[in-house]
Amino acid sequence: MTAREFKERLSRRAKKVGLAVPGPLADRLWVYFQLLSKWNSKINLTGLDLEEPTPEGIDRLLIEPLLAASHGEGAKSLIDIGSGGGSPALPLALALPGLRLAMVEVKTRKSVFLREAARELGLESATVVTARHEALLSDPSFHDAFDLLSIRAVRVEARVFAELQAFVRPGGRLLLFRSASETAPRLPPLLQLVGAHPLGEASRGQLLVILKTGPHVQRGTTANLD
């Protein structure tokens, strides 16, 4: 697939959900897509077809994170859990310029890819931590340190939510990418569901926006991240 074909497909998928992708952002997403395709032939980063990507594949890799970016306006930092092949973390960071990004990935080879991708994309403030998220709970530098947390998972249990909220400052948000067919998750007391939004026209995904409350955050409202 050529750069022109990629951008035409990306533009068509974006228009389906009311998005416009600026040229410079499309250029950088093409760089990411090329890197993902190249590395995926060596290590298993995604099971999606990257030679002839389907509408569902483009939606999942790129459109979903771009849609989610509207819920991160004003954020200055993002931690992504289980970063794998870099989506949603890298497209999110590209769509929110200046975002300090931390990607947490347990597999060493995938971490190597993430570092290379961040370098190629010019994301100078991006870091990759090769560890399980549980290992970071004992590190004070990660406590209440991020405005946003993103995670794409089939299922996240209440216990995991209780752990993940430790990384997010009061007033920050957790962005959970999931299937729309799943039942609503159980949330611990500090977390409040403030929105459930469809993702993509073909992916049948859903984004849950979850607010971390605190002493100065009123429940029932979404905090301003500015």
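The values are calculated or read from the model by the stated rules, or taken from the named source; none is laboratory data. What you see is a predicted model; the values in this text were computed from it and never measured. Every residue, glycine among them, receives a Cβ derived from its backbone with ideal geometry; neighbour counts consider all protein chains shown. Remember, those area values only see protein heavy atoms, side chains included, never the ligands or the DNA or RNA. Shrake-Rupley method; radii C 1.70, N 1.55, O 1.52, S 1.80 Å.
In the chain, the longest principal axis of the Cα atoms and the axis of helix 108-120 are about 70 degrees apart.
Dividing the helix sum by the residues of the chain, where each DSSP H run of 4 or more adds -39500 (n - 2.57), gives a mean residue ellipticity at 222 nm of -9000 deg cm²/dmol. Could you list log10 I(q)/I(0) for the chain at q = 0.08 Å⁻¹, which the Debye formula gives when each Cα is one point scatterer? Log-scaled intensity ratios, in q order: -0.26. Each of Ser77, Ser141, Ser37 has its accessible area taken with a 1.4 Å probe; listed largest first, they run Ser141, Ser37, Ser77.
Compute the angle between helix 3-16 and the longest alpha-carbon principal axis of the chain, please, reported from 0 to 90 degrees and rounded to the nearest 10. That helix lies at roughly 50 degrees to the long axis.
Considering only Ser138, Gly84, Gly98, whose Cα is most displaced toward the positive end of the charge dipole of the range 72-164, charges sitting on Cβ of Lys, Arg (+1) and Asp, Glu (-1)? Working it through, the farthest residue towards the positive pole turns out to be Gly84. Ranked from largest, the principal axis spans of the Cα set of the range 123-199 equal 34, 30, 23 Å. The share of alpha-carbon pairs in the range 1-105 lying farther apart than 19 Å comes to 40%. Computed with every protein chain present, the accessible area of Val106 is close to 70 Å² [probe 1.4 Å].
Along the chain, the longest continuous region that contains none of the trypsin sites (Lys or Arg not before Pro) in a DSSP loop with at most 12 other C-beta atoms within 10 Å is 43-154. Of the solvent-accessible surface of the chain, computed with a 1.4 Å probe over protein heavy atoms with every protein chain present, carbon and sulfur atoms account for 51 percent.
When the GluC sites (Glu not before Pro) in the range 1-99 are filtered for DSSP coil states and for at most 13 other beta-carbon atoms within 10 Å of their beta-carbon, the remaining sites are Glu51, Glu73. Counting only Cα atoms, the size of the range 29-73 along its three principal axes is 35, 18, 17 Å, in decreasing order.
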